[in-house]
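Written below as structure tokens is the structure these notes are about.
The values are calculated or read from the model by the stated rules, or taken from the named source; none is laboratory data. Because the structure is a prediction, the values reported are computed rather than measured. As a convention, Cβ positions derive from the backbone with ideal geometry for all residues, glycine included, and neighbour counts pool all protein chains shown.
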Amino acid sequence: MQASTRRDQAAEIVARVLRLEVSEVGPDGRMDVTPKWDSLAQLSILTAIEQECGVSIEPEDAVELTSVPALAEFLEKVSPQ
């Protein structure tokens, strides 16, 4: 899957978990500026990524995955199809 598609996928997951429109998250959404994206929501986002994408997120990776681009880059790295 291409990086832009991964970014779309990450944005869709974040939006669904936060119960926002994808346009409210956007392709560059970040934890520090996106409504409802707090630490508790972050855990839910990471869990959703793991379940839906069939990946495992290590704690040392999790602390860096606080934006849609970072999530997309992680997904591309661990599951490049």
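Brief remarks on what is shown
- The set of residues from segment 40-56 being surrounded by 14 or more Cβ atoms within 10 Å (Cβ to Cβ), farther than 14 Å from V25 by Cβ and in contact with a Ser or Thr (Cβ under 9 Å, 6 or more places away or on another chain) comprises C53, V55.
- Verdict on E76 being modelled with pLDDT of 95 or more and not basic (K, R): no
- Filter result (hydrophobic (A, V, I, L, M, F, W, C) and either at pLDDT below 95 or in contact with a Pro (Cβ under 9 Å, 6 or more places away or on another chain) (or both)) within segment 44-54: C53
- Taking every residue in segment 52-81 that is on the phi > 0 side of the Ramachandran plot and among the charged types (D, E, K, R) and pairing it with any residue that is at pLDDT 95 or above and surrounded by 17 or more Cβ atoms within 10 Å (Cβ to Cβ), at least 6 positions away or on another chain, yields no pair with a Cβ-Cβ distance below 7 Å.
- Residue that is over 17 Å from S79 (Cβ atoms), touching a strand residue (DSSP E or B) at 6+ places or on another chain (Cβ under 7 Å) and either crowded, with 16+ Cβ neighbours inside 10 Å or not hydroxyl-bearing (S, T, Y) (or both), where the choices are R19, R30: R30
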